[in-house]
Amino acid sequence: MTLVVLTEKGDQLKPFALANDSQAKKVSSSKWTAHSSILNEDLVLVCASGHLFSLDSPDVYDPKYKKWNIKDLPIMIDHFQYHISSSKNNRLFQQIKNEVQKADGVILATDPDQEGELIGRLILDKIPGGLKKLKYRLWNSSLTIGASKKAFNGLLDPKKNELLKISGESRQFADWLVGMNLTRMATIDLQNKGYSGVFSVGRVQTPLLTLIVANDQSIKDFKPQDYYQLEATTTIDGQKVQFLNSEKYFDQGKANDNLSGVVSGNLVRSNCLNVDKVQKKHVTTTAPKLFVLSDVQGLAAKKYGFSADKVMNLIESMYLQGFMSYTRPDSKYINVDEFNLLKGKLNEYQDLIDFHFNPVFLDPRSNFVKPAEKIDGHSALEPTEKLPKKSDLSDDEWKIYRLVVERVLLMFAPDFEYDETKIVAIDNNNNEYKKIGRVITAPGWRELTNSIPKENQLPNINKGDHFDASFGLLKKTTTIPKRITESSLIGKLLPKYNLGTQATRAGIIKELISSRKYIKINKNKELFPTNQGLIVYEFMKGTIYTKPLLTAEWDKDLVEISKGKKTESEFLTSIKNNINSILREYSERIPDISIPVPEKISINRQATNKDLICPKCKKGKLQLVFGKNKKKQEYKMYSCNRFPSCKFSIPGLFSGKTLSEEIVMQLIDNGITDPITFTNKRGSKYSAILKLENDKIVPEFVS
């Protein structure tokens, strides 16, 4: 019997083939053959390249949708259609199709997650009888030979993950519906107001944009305010101790009145500070939880300035090389077998990254380890048993590898321990004051990470003690909100609001910065909304898409679908109802936008008298382009008339001198001009020739 093993990427073919047969043969970059010693079957291993299929655009369903018209909304599809997205993908699909149709069965070995399930099952669905041949699901934790053998020895019933595919396609359909309807609505309405461009609205990207806008607005609106707190200062055993009342007074007059009352009340009696409570406890904290992808992305952004997308690609690269476990885990826990595997190589990991300490916790602890059946999806990020040499990895890969290994090793490190004393004292007017002291008793893992907090040791204080004290007002000032960074966004905020997934967050951030240009990022990795982003936000303000907590409910629904607790139909109905509601609302009112409509740039094009052939593409002709830019400044240039397919252009003005068609022709024909007289800023004349080098004008002075 012959089985087809369908992988998601070409890099997965080799480890899967060699795990079954040390003599496996590479047929091409997208196909291997092997005889499985595990299954005692012949295997043909073929790969996809991520998603081979894309959802059809609206005009495939109805040609009228080619033109964006508000009257044609909503666009509601009940049965979605797909197309192969490129000729390369078509070649891969045809190979998969041929092998599946010849084979007796299929092992689905795409990435072990929602997206992988969708990719693989969609391919098989497009092959007549393909899904009926699906016999096994491979669920691998890493791409080492050992892990791959274990996965092939434990092939799953594919029915177990069928709902995962439905959850994935539900997300895909919902994103299509939101994008195709609300992007068209926003773009049409905003263009009618005079704004230019396409204004994309998304189920996740718009709530994410909202977080950036809200943060920016809170910073712009911030006005520092002074406030006051009652403070009691006393000396105990020669040590000055300051107690603080928790109430904040933003009215200085009221603060002074309270202080006067306290002072006068304590003048008539001595021992004016009375210890009411003394609470002592010993605190033990274990090392931080193991990593999921967003944790590493957040830490790497903070420590190295890496983008989330870059970190994901680095980890993916190490996963495909067999050095790292599955890239996008769902859990911060590992199972007992994984713990024991890590423990067995503990010394090797320590030597590899030069991170030495005496391990004290060599048995699984519930902070880090759960039974395999209680871990949702994949275990936390961890190094595999295949250890790299430093030379095997790029410098950036090594930085990320070290972060992951260090976090795993801390699981075996001593706990951080300290004694905490909390004192509550009362003045003679019954105002309560607090003081907290901490004494470190075991630095533990914090010593290894250079993160030991400062100590604050208190003198011996007991309940019922009485002290004389002086009272005053401690003046403080409110602090400006911190600007959201890529680190805080992906490490804290997106997980907090459950926006996106481990797999999609980096891509969404990259799209908002690079493609949509709704967000910009400065050298400190701080995030700001652009005018284009503010326009989208203000247009959608008040809808569910600018309320992150509400849109996060949809992601919870997708999890419910994967568990069989909600249906795809119920989920998509709620999405469609929301779209219809917004379309009705916006048909009656279009929000005002505070961002002024930009003035149009004046552009004029004029054919030249001379036949100026474009020196770059050799097909187009140069034309004179002139007008005024956004700053009302006049400009003039010679540009290829095949723009934008050819982007050649040279300035029509150079150092204050107009370049005539004769001069431009010399540049094009000869690559150099005759000497030209220019005038500098001081009014002095000088001569120079102009050269055309790498499509740019370069002057050369003539003596």
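Quick notes on this structure:
- Of all lysines in the structure, those lying under 18 Å Cα to Cα from residue 476, and not within fewer than 8 positions of it along the same chain, are 223, 248, 254, 434, 435.
- Anchor residue 67: lysines whose Cα lies under 27 Å away (excluding residues fewer than 8 positions away in-chain): 193, 517, 541, 576, 600
- Cα convex hull, segment 602-702: 106 Å³ per residue, rounded to a whole number.
- The chain: Cys lacking any partner C-beta under 4.7 angstrom: 47, 272
- Only DSSP H runs of four or more residues enter the estimate; each adds -39500 (n - 2.57), and after division by the residues of the chain the mean residue ellipticity at 222 nm equals -10500 deg cm²/dmol.
- Shown for 685, 563: other C-beta atoms within 10 Å of each C-beta, ranked fewest to most, produce the order 685, 563.
- Working from Cα pairs under 8 Å separated by at least six residues, relative contact order for the chain is 13 percent.
- Stokes-Einstein D (µm²/s) once Rh is taken as the Kirkwood radius of segment 1-109 over alpha-carbon pairs, at 10 °C in 1.306 mPa s: 99
- Entries in 26/159; 332/496; 332/566 that, when Cα-Cα distance is taken, lie over 24 Å: 26/159; 332/566
- By the Stokes-Einstein formula, at 1.306 mPa s and 10 °C, segment 293-412 with its Kirkwood radius over alpha-carbon pairs has D equal to 109 µm²/s.
- Normalised convex hull volume, segment 327-370, alpha-carbon set, Å³ per residue: 95
- For the set 628/657; 14/160; 240/463; 454/523, the pairs lying more than 21 angstrom apart at their alpha carbons are 14/160; 454/523.
- Packing-based order for 504-512, 95-103, using average beta carbon neighbours within 10 Å, highest first: 504-512, 95-103
- Note on the chain: semi-axes of the ellipsoid equivalent to its C-alpha gyration tensor, largest first and rounded to whole Å, are 53, 44, 29.
Where a number appears in this text, it was derived from the coordinates with a stated rule and is not lab data. Since this is a predicted model, take the numbers as computed values, not measurements. All Cβ positions, even for glycine, are placed from backbone atoms using ideal geometry, and neighbour counts span all protein chains on display.
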